[in-house]
Amino acid sequence: MSALLFLSKSSAIRAALLIQRWYRQYVARLEIRRRCTWNIFQSIEYAGQQDQIKLYSFFGFLMDHFTPASSERNLISHIFRENEICRDVEWERYFCYKSIDVPDSYTGPHLTFPMTFCGVSKLVEAFKHKQ
């Protein structure tokens with residue numbers, strides 16, 4: 001009987017050691033998963049911050065270097081005004097596409113209005129071929 005008790009004690013100790021080893025490996029895997037998740041989160045957050053910095057720099061550059069002069073500002077605001085028809089002769093030259101002279105050396109697409117599907121496809125092809 002003592003031999004049986006000894007075997008059960010040794011197998012109980014082995015089982016306890018096996019359970020401890022499994023538990024320690026499980027906790028180690030959880031810790032690795034937590035660290036990897038944290039690293040991924042940090043890299044995503046850092047990338048987002050870098051994107052914001054790049055956008056901020058880009059818009060700052062645009063504001064510093066491409067702020068239109070007063071005449072250009074008036075043209076831009078005039079273009080985007082709603083419910084106003086252009087009646088001024090000075091403004092008409094900016095909007096009348098018929099008065100634009102196209103030189104004979106121009107090899108790009110020639111547009112007609114109103115645009116048709118064929119004209120739009122020619123325009124897209126010209127952009128693809130950088131004409």
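Taken together, the values in this text are just the output of simple stated rules run on the coordinates, not laboratory data. Note that this is a predicted model, so its numbers are computed, not measured. Here Cβ is always computed from backbone atoms with ideal geometry, including for glycine, and neighbour counts include all displayed protein chains.
General remarks:
- At R0 = 30 Å, FRET efficiency that the Cβ-Cβ distance of Asp101 and Leu62 yields, to 0.05: 0.45
- Stretch gain in nm, segment Phe41-Arg29, where the contour uses 0.36 nm per residue and the Cα spacing is subtracted: 2.5 nm
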